[in-house]
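Step one of this worksheet: look at the structure below.
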Amino acid sequence: MEIKKVMVIGAGQMGGGIAQVSAQAGFETIQYDINMDLVDKGLALIKKNLGREVEKGKRTQEDADAILARIKPSVSLEDAADCDLVVEAIIENFDIKKKVFEELDRIAPPHAILASNTSSLPITQIAAVTKRPGQVIGMHFMNPVPVMKLVEVIRGLATTDDVYKTIEKASIKMGKTPVWCKDVPGFISNRVLQVMINEALWELYEGVAPAENIDNIMKLGMNHPMGPCALADLIGLDTVLAILNVMYDGYGDPKYRPSPLLKQYVQAGWLGRKTGKGIFDYSK
């Protein structure tokens, strides 16, 4: 199957980035969210990202305009009725995703592939709420989407080979490198990454060192481009906590038990860059 038209559910940081790379690949793209204010914010961020690339000489203004012209705003899931691929990029909450996938299954044409950008929730479980489990797959993009080259492709228990091959081809067209894995809690990326982030937060909680020192150890000693504390703030501490809870529940292993400090940050509403304060303060 050839992908020609894509709908992205969610116009936040991840959804907007996915819509951008979809349009850059030449796909007719629909950017959806629950109200037009959210859609407009997502489109404004895409326009800002493309504007930076024009200023740096990485693309022409004509190219940027053409990309933006391929993105259509939407506040109706019914617009999935003629799409070949729908990518969901909303909150890490199974019950909310379940409702969206049930609706998409009803609306999207029979041939359409339904993908989730979930960071940790089981693709097999999401697929089971539809009548097309073989056409449901995980497309876990990395943040920031326009920059990061990876798409972690998660094959659910029922995902067909044809669907995987179609998504592999579409990912490459979007300028990404698809890497597949089985459907396990946290997949590959977060099963490794979140343990590191969580351990950094345990160290911070225990007073081993301030956040700056923890990050500098990992940057200067392990050659990481960003320390685990700054990375947690970029991801969003609420998202980090949600992923750890999924893995803790999924494996029953205490190594995934979230740090009490992480829980406190989330309870305080200190979620990282998106709120102006997290482990670090971004309000200045």
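The values are calculated or read from the model by the stated rules, or taken from the named source; none is laboratory data. Just so we're clear, the structure is a prediction, and the values are computed from it rather than from any experiment. FYI the Cβ positions are ideal-geometry reconstructions off the backbone, even for glycines, and counts take in every protein chain you see.
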The listed residue being over 18 Å from Phe101 (Cα atoms), in the same structural domain as Lys176 (by TED's automatic domain parsing) and surrounded by fewer than 24 Cβ atoms within 10 Å (Cβ to Cβ), out of Ala44, Ala19 = Ala44
For the subset of the stretch 175-209 comprising residues that are among the hydroxyl-bearing types (Ser, Thr, Tyr) and in contact (Cβ under 8 Å) with a residue 40 or more places away in the chain, which member is surrounded by the most Cβ atoms within 10 Å (Cβ to Cβ)?
-> Ser189
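Might you let me know whether the stretch 86-98 holds any residue that is of a type in the set (Lys, Arg), outside the structural domain of Met226 (by TED's automatic domain parsing) and under 16 Å from the mean Cα position of the chain (by Cα)? Give the derivation first.
Of the stretch 86-98, the ones of a type in the set (Lys, Arg) are 97-98.
Filter again for outside the structural domain of Met226 (by TED's automatic domain parsing), leaving 97-98.
Still in the list and also under 16 Å from the mean Cα position of the chain (by Cα): 97.
Taking every residue of the stretch 86-98 in turn, at least one turns out to be of a type in the set (Lys, Arg), outside the structural domain of Met226 (by TED's automatic domain parsing) and under 16 Å from the mean Cα position of the chain (by Cα).
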If you go through the stretch 204-228, how many residues are assigned to a loop (DSSP other than H, G, I, E, B) and within 28 Å of the chain's Cα centre (by Cα)?
-> 5
Of (1) part of a helix (DSSP H, G or I); (2) in contact with a Ser or Thr (Cβ under 9 Å, 6 or more places away or on another chain); (3) under 16 Å from Val145 (Cβ atoms), Gln31 satisfies all except one. Which?
-> (1)
With Ile167, Ile172 as the choices, which residue is of a type outside the set (S, T, N, Q), part of a helix (DSSP H, G or I), touching a strand residue (DSSP E or B) at 6+ places or on another chain (Cβ under 8 Å) and surrounded by fewer than 18 Cβ atoms within 10 Å (Cβ to Cβ)?
-> Ile172
Note on Asn35: of the conditions (1) surrounded by 23 or more Cβ atoms within 10 Å (Cβ to Cβ); (2) over 29 Å from Asp183 (Cβ atoms), unmet is (1)
From the list Asn117, Asn143, which one is at pLDDT below 95 and either outside the structural domain of Leu271 (by TED's automatic domain parsing) or surrounded by 14 or more Cβ atoms within 10 Å (Cβ to Cβ) (or both)?
-> Asn143
